[in-house]
């Protein structure tokens with residue numbers, strides 16, 4: 001192909017704008033690389049750099065300010081054989097900074113062309129993240145109170161594997177772009193250019209001044225040795241291929257027949273680290289093995305190693321509607337924190353409620369039938385109290401039976417874990433009070 | 001009947017896989033994170049892609065890119081995240097990019113309460129796009145619905161080329177329940193309609209947004225033989241910026257009508273009509289479970305009350321609501337928010353007295369409260 005430029009839509013930049021030269025340089029690079037138009041995508045966002053996608057006969061996606069890299073990443077991951085080239089201005093660089101950093105860290109095979117012209121051209125020449133502090137721009141004095149960023153330096157520390165900085169007027173720009181596109185990984189080309197519509201009206205910026213600026217700045221000429229590593233997409237696919245397939249979904253048939261199937265509402269009140277959720281899970285699987293429906297609501301702190309852990313279980317021969325607890329049939333109180341979390345519950349309990357309480361736990365006055373056990377006396381460790389309690393209630397046929405519980409443990413745990421779990425469960429299964 | 005035990009969020013992931021989803025991007029947030037973690041166990045071993053975005057905006061961007069490359073995509077978040085999604089939601093709606101967005105709602109506003117449920121985002125989902133174009137919002141009431149509605153959501157998204165929202169709730173997403181997934185009859189899977197010519201050969205006539213009046217443009221993915229343009233800017237059929245008022249006006253009308261005209265096809269619901277009832281309770285989401293419990297008890301006690309559970313909230317199932325309400329003297333609406341949907345019902349039934357109860361305090365509305373509202377109504 002002689003040119004990728006869309007002759008029906010020629011560039012529309014202000015006279016003297018560097019973007020026009022860069023447009024041509026991109027075209028020259030695409031031709032030199034002999035890329036296939038249908039395997040090439042131009043992704044742009046907002047600002048004058050966001051016009052680029054319209055000038056080329058390639059696939060194109062134009063999106064929101066600063067987000068071009070996110071669309072580009074989605075396209076590249078979904079279809080790795082595409083050449084994905086992104087244009088962004090210094091405005092997009094600021095608002096989309098998190099995406100630039102993520103792209104540097106990931107090293108997905110994308111090429112980012114930054115069209116840095118030191119200001120927001122389209123909206124009135126306001127300052128951007130690259131505007132020098134001494135520039136005169138459309139944001140009055142605000143840029144004087146800040147300093148500009150050096151995106152190449154940031155990209156280097158962010159892990160970019162290929163970085164180049166050059167003038168938009170540099171005659172070798174097409175070759176630099178070729179190298180950037182050929183690089184297998186994330187490549188950044190920062191072009192410094194003139195915004196004749198806004199910036200150069202009030203600031204002495206010429207191609208020569210840009211060359212001098214580049215002289216003074218750290219040099220970036222492509223490969224960043226210290227960051228070299230495999231490309232993200234390949235890495236991802238490699239790792240993904242090593243992942244084990246998900247085990248078949250566990251489906252439990254009704255295998256036990258309870259003659260007197262009544263709805264049960266069980267509340268386990270404990271603390272983080274007591275494996276309350278695991279215990280709740282076991283009760284539900286046990287119930288399912290007898291043809292019950294089950295639901296489990298858990299309440300624990302965001303800081304998972306501290307605070308209360310409460311599990312609320314409903315076991316019902318009928319479909320479960322409202323999944324809140326209304327009249328518990330069984331309450332297991334294993335820690336003060338857990339009790340405090342549901343303190344209002346106790347005054348409402350009926351004598352028909354079976355309340356198992358660890359000796360050290362204090363509970364408010366209640367009409368429930370309270371059974372107290374000193375778990376320490378049975379040499380049960382705190383993290384096993386919940387599991388041991390299940391043995392106790394199953395031994396009394398409160399909601400679940402021993403054979404149901406045994407089935408649940410067998411289905412959910414690996415054999416070695418099952419053996420130790422069933423040991424714990426048996427400790428309290430046969431005590432009579 | 002064999003039962004499994006899972007939370008609503010896992011059921012969403014399983015529904016997505018069943019619908020052919022092969023791409024997920026999301027950012028961790030309680031109570032939606034387990035959709036991400038489930039997708040992460042399900043997609044990669046099967047050649048799918050599952051990505052953790054650097055933020056919510058990026059997650060949506062990844063999904064938009066992947067969808068435009070032809071993938072069926074899913075993302076999931078909660079209140080603070082859906083707020084950040086909104087600029088990309090507008091893009092996906094205005095530029096007809098299919099995707100499924102799950103909002104596992106938590107108590108708001110703002111960061112609110114990460115582990116407390118609410119249906120507080122209903123109006124946000126409806127109006128989260130600038131331009132105010134209509135959207136499709138589905139509301140599950142339990143884990144089984146999460147599974148089935150996710151499959152429906154993918155179908156609607158592919159068919160109408162739009163994002164489809166699932167308004168889940170912490171109380172569904174993170175509540176584990178016994179479910180029989182095999183009992184659910186999933187809808188036949190709908191695939192995106194591609195342009196007949198153009199994928200593997202160049203179709204010079206293809207225009208990415210050309211469509212008949214009120215219908216959906218044929219799709220071609222970025223990366224196929226025919227060059228494809230996508231843009232967030234106001235565009236004509238060719239995908240280039242336009243300022244032609246006629247073109248813009250027609251396009252806006254088409255974006256509105258392609259959704260509104262599909263009202264009946266999109267209407268999903270459950271009803272429980274009870275003989276002799278003079279009251280109908282309309283609700284959605286997890287609240288409808290307590291409503292059903294309440295009405296069951298009332299019926300046992302001699303007061304028959306019927307229920308209508310909306311599974312499609314938007315486009316408002318107007319025909320359904322009018323038809324199902326016709327025979328009832330009293331209409332009761334219950335919501336787990338301070339009244340975000342009820343106005344859609346009062347608007348449709350101006351001749352009826354409508355009793356509303358809303359509650360948004362971090363806990364489920366109890367059947368007892370609902371009975372009280374119905375009886376005092």
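Please treat every number below as a calculation from the coordinates, not as lab data. Predicted model, so just to flag it, every value in this text is computed and none were measured. With ideal geometry, Cβ positions are generated from the backbone for all residues, glycine too; neighbour counts draw on all protein chains shown.
General observations
- Based on C-alpha pairs under 8 angstrom that are at least 6 apart in sequence, the stretch A:264-427 has a relative contact order of 24 percent.
- Counting every pair of alpha carbons in the protein assembly as shown, the share spaced more than 36 Å apart comes to 52 percent.
- Centroid-to-centroid separation of the stretch A:392-433 and the stretch A:156-170 [C-alpha atoms, Å]: 64
- Semi-axes of the equivalent ellipsoid for the stretch B:102-190, computed as √(5λ) from the eigenvalues of its C-alpha gyration tensor and ordered from largest down, come to 23, 21, 7 Å.
- Distance histogram for chain B (every C-alpha pair counted, 20 angstrom bins, percent rounded to whole numbers): 29, 56, 14, 0
- Kirkwood-type radius of the stretch A:180-322, with distances r between different C-alpha atoms, in Å: 22.5
- Annotation: extensible slack from residue A:37 through residue A:9 equals 8.4 nm (criterion: 0.36 nm per residue apart, minus Cα-Cα distance).
- For A:321-328, mean number of other protein chain Cβ atoms within 10 Å: 6
- Taking 0.36 nm per residue of sequence separation and removing the Cα-Cα distance, the residue B:210/residue B:180 pair yields an extension gain of 6.5 nm.
- Measure of compaction for the stretch A:18-241 (Cα Rg per 2.2 N^0.38 Å): 0.97
- The slack in the chain from residue A:262 to residue A:413, taken as 0.36 nm per residue of separation less the alpha-carbon distance, amounts to 51.6 nm.
- Mean-position separation - Cα centroids, the stretch B:240-310 and the stretch B:314-377, in angstrom: 11
- For chain B, the relative contact order is 16 percent, taking Cα pairs closer than 8 Å that sit 6 or more residues apart in sequence and dividing their mean separation by the residue count.
- Of every Cα-Cα pair in the stretch A:264-427, the percent that sits beyond 25 Å: 23
- Relative compactness, the stretch A:239-350, computed as alpha-carbon Rg over 2.2 N^0.38 Å: 1.24
- Within the stretch A:302-335, backbone nitrogen closer than 17 Å to the virtual label 7 Å beyond the Cα of residue A:372 toward Cβ: A:332-335
- Using distinct alpha-carbon pairs, which all enter the 1/r mean, Kirkwood radius of the stretch B:4-183 in Å: 15.5
- The antiparallel fraction among DSSP beta bridges confined to the protein assembly as shown stands at about 30%.
- Calculated on alpha-carbon atoms, Rg and Dmax of chain A in Å: 33.5, 95
- Taking every Cα-Cα distance in the stretch B:232-377 and sorting them into 10 Å bins starting at zero, the pair-distance distribution P(r) comes out as 11, 36, 26, 13, 10, 5, 0 percent.
- Convex hull of alpha carbon positions in the stretch A:10-141: directionally averaged projected area 8.3 nm².
- Based on C-alpha pairs under 8 angstrom that are at least 6 apart in sequence, the stretch B:312-377 has a relative contact order of 33 percent.
- Distance between modelled label sites at residue A:278 and residue A:239, nm, 7 Å Cα→Cβ extension: 2.8
- The label-point distance for residue A:147 and residue B:301, in a model that sets each label 7 Å from Cα toward Cβ, rounds to 7.3 nm.
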